[in-house]
Amino acid sequence: MVPNSLGDDGRSTLGEITKRASMPTQRCLALLEIARNAPLGDALELGSNVGLSGAYLATALRRRGGGSLVTVEGIAELAEAARRTAAIVGVEETMQVVCATFDDVIRDAGERRYAFVLLDGEHVPEPTVRYAEALRELLLPRGVMVIDDCSEATGMAEAFAEISAWDCWQRSWTDGRFGVLRLRG
Ligand SMILES: C[S@@+](CC[C@H](N)C(=O)[O-])C[C@H]1O[C@@H](n2cnc3c(N)ncnc32)[C@H](O)[C@@H]1O
């Protein structure tokens with residue numbers, strides 16, 4: 001399902017949304033460890049929310065001295081908040097926030113390819129398998145894809161098992177939350 005508003009009764013504050021949807025600091029740091037092992041190049045994040053994980057990724061790219069992040073958010077108010085986060089952290093030149101659906105961005109990717117992709121959207125099996133199938137075509141050789149929330153509880157563990165069985169991967173593993181896949185070289 002593609003979100004089109006701030007959701008529930010529309011009364012959630014940005015703070016409440018952030019608390020509910022953003023990765024906690026420890027997960028952002030774990031994400032950076034994984035991203036560090038991706039080849040140098042651009043990164044794509046599907047699911048910006050207010051831009052917290054994006055700000056971590058963009059900072060890491062800047063420190064590595066190469067590549068920029070495109071992060072995608074379907075809700076305009078959240079995309080705007082993510083832009084503000086990027087400006088506060090000082091990574092607005094490295095982090096481009098696109099307000100669009102995941103499907104639109106995948107469809108319009110053209111020749112652009114990514115060294116690192118984070119899928120952090122609906123956290124339900126059906127679109128996840130479909131997005132992963134499209135995203136693997138956007139990865140550079142040896143590029144890394146991370147899928148958030150591959151837990152038993154959400155049914156995503158099964159989806160990750162299905163995705164990791166594709167023979168395009170050199171390696172795949174999960175820590176019970178992130179599912180990580182490295183494309184063959
Ligand atoms: C779990 S949050 C992302 C959290 C963020 N990565 C972080 O840790 O700071 C998922 C976000 O993806 C957005 N989203 C989910 N499905 C989408 C879709 N199909 N197209 C565009 N945005 C989507 C939601 O509005 C939500 O803000």
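Read the figures in this text as sums done on the coordinates, not as results from a lab. What you see is a predicted model, and the numbers here were worked out from it, not measured in a lab. Virtual Cβ from ideal backbone geometry, glycine too; neighbours counted across all protein chains shown.
A few remarks follow.
- Structure-based [θ]222 nm, the chain - -39500 (n - 2.57) summed over DSSP H runs of at least 4, per residue, nearest 500: -12000 deg cm²/dmol
- Centre separation in Å (Cα based) which lies between the range 23-78 and the range 113-185: 16
- The share of Cα pairs per 10 Å bin across the chain, counted from zero up to the longest distance, runs 10, 40, 39, 10, 1 percent.
- Once both labels are positioned 7 Å from their Cα atoms along Cα-to-Cβ, the gap between Asp103 and Glu137 label points is 1.5 nm.
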